[in-house]
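Trainee: Sending over a structure as structure tokens; questions will come in a sec.
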Amino acid sequence: MQGAVLYGPRDIRFEERDAPTIIKPTDAVIRIAATCVCGSDLWPYRGLQAIAEPTPMGHEYCGVIEEVGSAVRSLKPGQFVIGSFFASDNTCPHCRAGYQSSCQQREFVGGAQAPLLRVPLADGTLVGTPELPSHDIVPSLLALSDVMGTGWFAAEAANVKPGATVAVVGDGAVGLLGILSAKIKGAERIIAMSRHAGRQKLARDFGATEIVTERGDDGVARIMEMTEGVGADSVLECVGTQESMKQAIQSVRPGGSVGYVGVPHGVELSGQELFYAHVHLHGGPAPVRRFLPDLIKQVWERRINPGKVFDLTLPLDQVAEAYRAMDERRAIKSLLLP
Ligand SMILES: [Zn+2]
């Protein structure tokens, strides 16, 4: 089969790779229905995160089970499934507590930008749909694999409650779906921090009620002004830089919560500042597996359409262009079809 392999900065190739097979009896191999490029794929793509050797790319996936190992009990070939970027057993203490992305047996699932993918711990990792989905909801089901699951966790970690005032830092795909998640959770005001016209429109489509274009201290000042000096009840931090984290912590009211899901790059927090902020901080790699059953149901019943975040669709063999378009900010998120 042919799949995407990263060789070095901005050098992604679509080339012949060995097709995955069952290695452990708990594995499944799935035939990919759709995959995509993640914002986090851009770190190694831009050379900002070193790779030791040519690396098969992609960790967002959904598709049909091709084959299962001898120990797999709950899944059968032919079933349509979605899974997270971390495989999890779904039985250990951390999984039972709802933190499958810290599973004691967790394994990263990589190489999804290909026609076939091996998924470890299949029983614990994969969640099936009631039947084969119609084509129009496949992008939304794919979004649950990471980007929507992560936006949902940001809202969950930020303790978004009905009637709340929420601010969202970051207008990438995760931030935009954080807005949708806050809306579903009943937030009354959702302030999107964005300076790009196209993204502001999508933010409003997903439920943002106000837009703030200022950043840093000016952004914090705007949020304070809009909340009569109180601050937001919940802030979703979906970037991962020092500036975005600081902005999130300073925009929240005393007793409020920051949910942070942007992978930190160079973030350092001051103990003094945290002490006096009276803020709840919670975040990390999203335990997407916890949310899959509920989010699949919402997509299946066509109550939500997180797939709207994909603004570019390409055949898988044009994966290099999919990365380029996101790198050059011509696309918010690229969908790839094998
Ligand atoms: Zn576990």
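Trainee: Tell me the Rg and the Dmax, in Å, that the Cα atoms of the range 15-158 produce.
Mentor: 15.0, 43
Trainee: Could you give the accessible area per residue of the chain, probe 1.4 Å, as a whole number in Å²?
Mentor: 43 Å²
Trainee: Taking only the alpha carbons of the chain, what extent do you get along each of the three principal axes, in Å, biggest first?
Mentor: Projected onto its principal axes, the Cα set of the chain covers 59, 40, 38 Å.
Trainee: Quick check for you: which residues of the range 176-212 have the amide N under 12 Å from the point 7 Å beyond the Cα of Asp136 toward its beta carbon?
Mentor: Under cut-off, by backbone N: nothing.
Trainee: Using the Kirkwood formula on the Cα atoms of the range 1-54, what hydrodynamic radius do you get, in angstrom to one decimal?
Mentor: Its Kirkwood hydrodynamic radius stands at 13.1 Å.
Trainee: Turning to a different aspect of this structure: Gap in Å between the Cα centre of the range 159-216 and the Cα centre of the range 221-258?
Mentor: Result: 13 Å between the Cα centres.
Trainee: What's the magnitude of the charge dipole for the chain around its Cα centre, counting Lys and Arg as +1 and Asp and Glu as -1 at the beta-carbon? Answer in Debye, nearest 20.
Mentor: 540 debye
Trainee: How high is the relative contact order of the range 158-282, given as a whole-number percent (alpha carbon pairs under 8 Å, six or more residues apart)?
Mentor: Relative CO of the range 158-282 lands at 25 percent.
Trainee: A further question on this structure: Taking a threshold of 22 Å on the Cα-Cα distance, which of the pairs Lys246/Lys333; Lys201/Lys308; Lys246/Lys308; Lys185/Lys246; Lys24/Lys76 fall above it?
Mentor: Over 22 Å apart, Cα to Cα: Lys246/Lys333; Lys246/Lys308; Lys185/Lys246.
Trainee: Roughly how many percent of the accessible protein surface of the chain is carbon and sulfur, given a 1.4 Å probe and a whole-percent answer?
Mentor: 51 percent
Trainee: Reachable aspartates and glutamates from Lys161, Cα under 13 Å, same-chain residues fewer than 8 places away excluded?
Mentor: Glu188, Asp233
Trainee: Along the Cα→Cβ direction, 7 angstrom out, place labels at Ser270 and Glu15. What is the inter-label distance in nm?
Mentor: 4.9 nm
Trainee: Could you order peptides 264-276, 326-338, 156-168 by the average number of other Cβ atoms within 10 Å of their residues, highest first?
Mentor: The most tightly packed comes first, giving 156-168, 326-338, 264-276.
Trainee: Here's a follow-up. Multiply the residue separation of His196 and Asp327 by 0.36 nm, subtract the distance between their alpha-carbon atoms, and state the gained length in nm to one decimal.
Mentor: So the chain would gain 45.6 nm between His196 and Asp327.
Trainee: Roughly how far apart, in whole Å, are the Cα centres of the range 97-112 and the range 25-80?
Mentor: Value for the Cα centre distance between the two parts: 12 Å.
Trainee: Identify the residues of the range 204-221 with backbone N under 17 Å of a label point that sits 7 angstrom from the Cα of Thr241 along the Cα-to-Cβ direction, or state none.
Mentor: 212-221
Trainee: Could you work out [θ]222 nm for the chain from helices alone, using -39500 (n - 2.57) per DSSP H run of at least four and dividing by all its residues? Round to the nearest 500 deg cm²/dmol.
Mentor: Calculated at 222 nm, the ellipticity per residue is -8500 deg cm²/dmol.
Trainee: For the range 140-190, what is one quarter of the convex hull surface built on the Cα atoms, given in nm²?
Mentor: Computed as one quarter of the Cα hull surface, the answer is 3.0 nm².
The values are calculated or read from the model by the stated rules, or taken from the named source; none is laboratory data. As the structure is a prediction and not an experimental result, all values here were calculated from the model. Because the Cβ atoms are built from the backbone with ideal geometry, glycine has one as well, and the counts that use them run over all protein chains shown. What goes into the accessible areas is simple: the full protein's heavy atoms, side chains included, and nothing from ligands, DNA or RNA. Shrake-Rupley method; radii C 1.70, N 1.55, O 1.52, S 1.80 Å.
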